[in-house]
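See below for the structure under consideration.
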Amino acid sequence: MIDRMGMPADERLGLDIKRAEQVLMAAKGAALKSLDLTVAQYAALFGLADNPGISGAALARACLVTPQAMTAVLKNLEERGLVTRTAHPWHQKVLETRLTDVGAEALDLADQQAVRIERRIVEELTPEERDTLKGLLARCINAIHNG
């Protein structure tokens, strides 16, 4: 079947990619709900674990959200005592963000939930299929960037 734009329907992969992403995020969201965390908050905690002291803007880029969205996430996490934000020693307008001990504990619990979901995907695919999927997704990203 050819769609309105003259492209065969079976070649329109955007919806399939989006559906897979939304199912993954919904599953993670449901799993994290018991910990009173959102997927965005989990992503921020995860990013902070590997990058202590990172700025909110850099963390937003790493988590693929807008700086405005990250500001709201970090404000909530700070109010809950999961992160601390202090002025950078040389750039007073830049706030460095770090996990607190409570935040690190919350991340550990959240990561256990996220890993359970990701493990289901991994167990569905052979190692070769996983490598192929990673390669195909990377090619999709490159095709979009280079188009």
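The values are calculated or read from the model by the stated rules, or taken from the named source; none is laboratory data. All values derive from a computational prediction rather than experimental measurement. Using ideal geometry, Cβ is built from the backbone for each residue, glycine included, and neighbour counts are taken over all protein chains shown.
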Query - Condition check for I144: closer than 24 Å to G14 by Cα and in contact (Cβ under 8 Å) with a residue 24 or more places away in the chain - result: no
Query raised in the report: Right, A58: exposed (fewer than 14 other Cβ atoms within 10 Å of the Cβ), of a type outside the set (D, E, K, R) and more than 12 Å from the chain's Cα centre (by Cα) or not?
Result: no
Query raised in the report: Any chance region 62-76 includes a residue that's over 17 Å from Q41 (Cβ atoms), out of contact with any His (no Cβ under 6 Å at 6 or more places or on another chain) and at pLDDT below 95?
Result: no
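Return a yes/no flag: does region 5-19 have any residue that is surrounded by fewer than 13 Cβ atoms within 10 Å (Cβ to Cβ) and in a strand (DSSP E or B). Full working, then the answer.
Within region 5-19, the subset surrounded by fewer than 13 Cβ atoms within 10 Å (Cβ to Cβ) is 5-19.
From what's left, in a strand (DSSP E or B): 8.
Within region 5-19, one or more residues are surrounded by fewer than 13 Cβ atoms within 10 Å (Cβ to Cβ) and in a strand (DSSP E or B).
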Report task. Restricting attention to region 22-53, report how many residues are modelled with pLDDT under 95 and under 14 Å from the mean Cα position of the chain (by Cα). Result -> 1
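Report whether or not A49 is assigned to a helix (DSSP H, G or I), surrounded by fewer than 16 Cβ atoms within 10 Å (Cβ to Cβ), of a type in the set (A, V, I, L, M, F, W, C) and touching a helix residue (DSSP H, G or I) at 6+ places or on another chain (Cβ under 7 Å).
On the way: assigned to a helix (DSSP H, G or I): yes; surrounded by fewer than 16 Cβ atoms within 10 Å (Cβ to Cβ): yes; of a type in the set (A, V, I, L, M, F, W, C): yes; touching a helix residue (DSSP H, G or I) at 6+ places or on another chain (Cβ under 7 Å): yes.
Spelling it out, A49 is indeed assigned to a helix (DSSP H, G or I), surrounded by fewer than 16 Cβ atoms within 10 Å (Cβ to Cβ), of a type in the set (A, V, I, L, M, F, W, C) and touching a helix residue (DSSP H, G or I) at 6+ places or on another chain (Cβ under 7 Å).
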**Report entry** Residues of region 48-104 satisfying the condition of being small (G, A, S), under 20 Å from T38 (Cα atoms) and free of Cβ contacts under 8 Å to residues at least 40 places away in the same chain
**Finding:** A57, A58, A60, A62, A69, A72, G81
Query raised in the report: Would a scan of region 79-101 turn up a residue that is surrounded by 14 or more Cβ atoms within 10 Å (Cβ to Cβ), assigned to a helix (DSSP H, G or I) and β-branched (V, I, T)?
Result: no
